[in-house]
Each structure stands twice: as structure tokens, then as C-alpha cells.
């Protein structure tokens, strides 16, 4: 729906937010989202994703740097940004005592739409989100998945040029999650540019045409999911060893494998794994038979084998030295006004 | 649409939502009407003979004396938890959703405040109607009844600040509830139960500075004597002062939170 692709949907430059004088939630992030993209901000909890979203949706002022949404400065021109933006925050924000239909109609009213258009659009969205049957029930009675879908619908009533979603599938069961993924893909395919945050790698991998991995307030790496995973350059091979490793001499299995594969796999690319030993091997498909033969010849029995293509978690691990799944307890309680 | 029309339009639609929130929870009605009704029914029996004391000015029914204070008390009850709604919306993120709409920030506050006029007016009207059924008089007729509802609604909006200010400043339900509770004595330290002449000296001073007194006196005059500009305008002025002070602080606190 964004007519011109020349104006980026989002453009930030050195966006910085400091809370209470010393907590740096965002440390100068710069990125650009073009019209029609489904762009993801992927990172662990507390990485600064929500802060970025709040600045882009005019709820929070940046400490430094600038952000333009649909060519409009979020600080100088918040009202114009709000008119053209659809926003769904991390927890679905619904009035428990309004019905689904009333919720959507109010959203339309608040965007200055005509009642006739509101009626038509409300029917359309209720149908699309599978909520027609519960349209006259209070939202307080909805299930988690229904609340999500209604909240998403209420962000779409005015046909926004840009849809911003903060952790759209947080707290949903796997089935509701994949239903929502399909809906998001459909909305994007119909022409709505989308920015979403997530800490689920599968989600970013499946949905996003491009993403930025964000950690501790900075963008670590940016690109398409395939491109990022390719850049890792190697697959992961996990070897399960007979009896957990060399039993007789009681040596360290990792050291043992390192010695045996000397010249084939760099020593640093062999690390311990809960199931045995993990190797980082480029083009594992072709290399594995040779590796196994070398181990077998030297008397090390491999009882199990797993070959894994790199995931976005590996990308995150490579760039930050940590796993994205590690939880942190450093989020500000109130994200400020 | 010019800005003022837009503000009115937005406040109206947000007000419809807060009104639904009020109407769809029957507990709201009960919690507002329960205490004033109990006081009206029990005290009018319990202290039936108190009107024989000098100072009641020849009033023969304590129920008739008691009713105006309970009408005012109902208006106070109707708004004493009014800051809660906004507080919950702040917590659930709904307020952020409203803030991200292309509307005036003041419409958000308007959508909370304007319906309070009608809630306080109608709740007070219900109590007034019950009082009349129980035998209280209405000397100024239907016009007086409507005027009393207007005064009660006005008091509701003016007094709502007493709940909004702690809610906006502390963002704590407990603090907001406690402060609301601390304001109930405003009704006891007025002429709701006994005339000024029967109060100890310090209480007479509090009574003179208590805006609730002027509301009660106006309602009482309209019920027992008839229409009088002087009494009504006194009530209007005291409510206007109360409203100006409390709402000014509320606006400031809201701006601080949502600006």
C-alpha cells in the first residue's frame, strides 16, 4: 500500500536511549526498512527491541539520534506518524469490557474513518482473523490467541502503511503461533510493510525477509536469514561416542577427537556437547564419511550422528559469544513514558 | 474538523467506552449505592428522634434531614475510585495504545472525566428517588430534582481529581484506594448528619471550609424549602473552586505521565 518505494518505511540513525542517566537501553542503532519488507529485530530479552519499537511508534523520545517513519520524523511529526502506523504491543492491550466489534470500531473512530468504512473494514477483519462468531462477546472472555488476533486486527482497521509488532507471538501455544504466522505473511503479501521484534529464532527465520540481530542495545549483524546463516560457513556435526568416549585410558573425548582429526578439522572447531562431541565442519554432507572413517580406523566407535545446518542461534552465538536463549533479568520495570 | 471539535469527538467516543466499562460491571452500582442506602435506611430509624434537638429548625423527619447528605455521599462514592480505570489502563498497556492513536492526549483524560458527570448525576438521582419514595419531600419540584442531579454530576467531576491525582502520581492501586478512603470523612465533617449548631467548635470550622457542606445545603434547600439562587450559587462557586484546584493538579499529573 506504500506507493513509493523510494521513501524508506523506517530509517534510523544512531538511535540512542538512556534511562535514568546510566542505563543504556539503545546504543546508537542505525537501520533501514524499505516499503513492502517484513523486517525483524531479533534479540534476547532486554536487548533493547521494545525500546526501539516505542521510539518508532512515538511513545518514547530518543535520547540521541533520529528516526523517520514513512519519511516523517517521530519527534517532530508524531501525529502524522500515528495516523499511518498500526501498532500491536507485547501484551495485547484490549478493553476487557468492550466486545470485539466495539474494539475495532473504536480504533477506526480514533483514526478518523467514516462509519461506513469502519463497518466494512470491521466485518472484513473479523472474518479474516476468524473472530466473526465472537464479535459480540466481551474481549475479557477471549482466549490468548483470540486476544492477539483482535489486537492485530485493531492495528489494521485503518489500513496502515506500516505495521509495528512487538513480540507478536509471545505466550502463544504452537498452534496459535503458526496460525498467526500465516496471517502475518498474508498481511505482508497484501502489501503492508512490517517491523516485528522477536526472541524466537524460528519466528525470525520463517517470517522475515531481512533482520537485524540486536544485543545489549546495539545491532550485531544485519541481513536476510539465509544470508546470515550462510555466512557462518559451516554445519554442526554432533558425534555420539561409544560409552561416552575413550574409556580405557580415561582421556578427554574432546582432546581425543581433536588428535584423531588433526589436519581435517581445526582443533578449535571441536568442542564438547551434551551428547558427545560437536564439530564445526564446512559442507558436512560431503565431509562426514571421511571423518567417520578416520575415527573408525583409529578405534573410536561412533554410535550416533547428527548433522545440523546453522540456525540463527548459531549466528547469534558467533557474533555475541552467547546463546540467544540465555535469560537475563536486566529489563527496566517500567519502560518509561 | 478544528481542534476543539476533534477533541470533543474523540472524548465522546472514548467516553462511550468508559461508560460501557462502568455499566457492564453491576458491582459498580452496588458499591456506589450500598453505603448511602444503608445509612439512609438505618440512621433515619436509629436517630429518628434526634430532630427534636434544638438546631434542626423545626424539621420533623430525620429522614428528610439525612437524605441530602446521602445524595451528596452517593456522588462522592461514584467517583471515589475513578482514577483506578486509568491506572489499570496504564498497567495493561491500553493507555499506550491510546497514546499511539492520532488523537489529542487530552481526549484520553476527557474520555475518563466526562462520563463521571453522568455517573455521579444518575447515581445521585437514584438515591434521591429512593429518598422521595421513603417520604422525603421535594419542594422545588421536577426542576429541583434535575438541578440536584446537575449539581451532583458537577461535584463528581470536580471531586474526581481526588482519585486521579494519587493514581497518576503514585501509579499504585493501594495508595489510590487508601487516599479515597481518607476522603470519606469529608462527608462526616459536614452538615450531612447534624446541623452546624450541634457541632463542636473545631468541626464547625472544618465544616465552613468543606465544599461538600455547600452542596448538601443546596440540595437540602431545594428539597425542603424551594428554589433559591443564593444557596445554589454558593454551591456552584464552591464546586468550581474545588474543581479548579483538583483538576489543575490532575491535568499537570496527567501531562507528566502521558505527555
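Test residue A:115 against the criterion of being surrounded by 22 or more Cβ atoms within 10 Å (Cβ to Cβ) and either more than 28 Å from the chain's Cα centre (by Cα) or in contact (Cβ under 8 Å) with a residue 60 or more places away in the chain (or both), and give yes or no.
no
State whether one or more residues within region B:7-27 are out of contact with any strand residue (DSSP E or B) (no Cβ under 6 Å at 6 or more places or on another chain), away from every other protein chain (no Cβ under 14 Å) and either at pLDDT 90 or above or outside any helix (DSSP H, G or I) (or both).
no
Kindly establish whether residue A:41 is surrounded by 21 or more Cβ atoms within 10 Å (Cβ to Cβ) and either within 30 Å of residue B:20 (Cβ to Cβ) or in contact with a strand residue (DSSP E or B) (Cβ under 9 Å, 6 or more places away or on another chain) (or both).
Yes.
Say whether the condition of being in a loop (DSSP other than H, G, I, E, B) and in contact (Cβ under 8 Å) with a residue 40 or more places away in the chain is met by at least one residue in region A:142-149.
Within region A:142-149 (the criterion being in a loop (DSSP other than H, G, I, E, B) and in contact (Cβ under 8 Å) with a residue 40 or more places away in the chain), the answer is yes, since at least one residue qualifies.
Does residue B:116 satisfy being assigned to a helix (DSSP H, G or I), within 14 Å of chain A (Cβ to nearest Cβ) and in contact with a helix residue (DSSP H, G or I) (Cβ under 7 Å, 6 or more places away or on another chain)?
Considered against the rule, which asks whether it is assigned to a helix (DSSP H, G or I), within 14 Å of chain A (Cβ to nearest Cβ) and in contact with a helix residue (DSSP H, G or I) (Cβ under 7 Å, 6 or more places away or on another chain), residue B:116 comes out as no.
Mind listing whichever residues of region A:288-308 are closer than 10 Å to residue A:260 by Cα and under 37 Å from the mean Cα position of the chain (by Cα)?
Selection gives A:291 alone.
What number of residues in region A:83-141 are within 14 Å of chain B (Cβ to nearest Cβ) and either in a loop (DSSP other than H, G, I, E, B) or closer than 19 Å to residue B:13 by Cβ (or both)?
Qualifying residue count, region A:83-141: 35.
Here's the yes/no breakdown for (1) buried (at least 17 other Cβ atoms within 10 Å of the Cβ); (2) touching a residue at least 24 places away in the same chain (Cβ under 8 Å); (3) within 17 Å of residue A:225 (Cα to Cα); (4) in contact with a strand residue (DSSP E or B) (Cβ under 7 Å, 6 or more places away or on another chain):
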site: A:164; (1), (2), (3), (4): yes, yes, no, yes
site: A:167; (1), (2), (3), (4): yes, yes, no, yes
site: A:174; (1), (2), (3), (4): no, no, no, no
site: A:183; (1), (2), (3), (4): yes, yes, no, no
site: A:196; (1), (2), (3), (4): yes, yes, yes, yes
site: A:211; (1), (2), (3), (4): yes, yes, yes, yes
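Out of region B:65-109, which residues are within 14 Å of chain A (Cβ to nearest Cβ) and closer than 30 Å to residue B:37 by Cα?
B:84, B:85, B:86, B:87, B:88
Looking only at region A:240-248, decide whether some residue is over 30 Å from residue B:257 (Cα atoms), at pLDDT 80 or above and surrounded by 13 or more Cβ atoms within 10 Å (Cβ to Cβ).
Checked against the condition, which is being over 30 Å from residue B:257 (Cα atoms), at pLDDT 80 or above and surrounded by 13 or more Cβ atoms within 10 Å (Cβ to Cβ), region A:240-248 yields at least one hit.
When the residues of region B:33-51 are filtered to those that are within 18 Å of the chain's Cα centre (by Cα) and in contact (Cβ under 8 Å) with a residue 60 or more places away in the chain, which remaining residue is surrounded by the fewest Cβ atoms within 10 Å (Cβ to Cβ)?
Ranking the qualifying residues of region B:33-51, first place goes to B:37.
Every residue in region A:51-69 that is within 11 Å of another protein chain (Cβ to nearest Cβ) and closer than 14 Å to residue A:196 by Cα, please.
If the condition is that a residue be within 11 Å of another protein chain (Cβ to nearest Cβ) and closer than 14 Å to residue A:196 by Cα, then A:53, A:54, A:56, A:57 are the ones that fit.
The values are calculated or read from the model by the stated rules, or taken from the named source; none is laboratory data. None of these values were measured; they are calculated from a predicted model. Cβ atoms come from the backbone with ideal geometry, glycine included; neighbour counts cover every protein chain shown.
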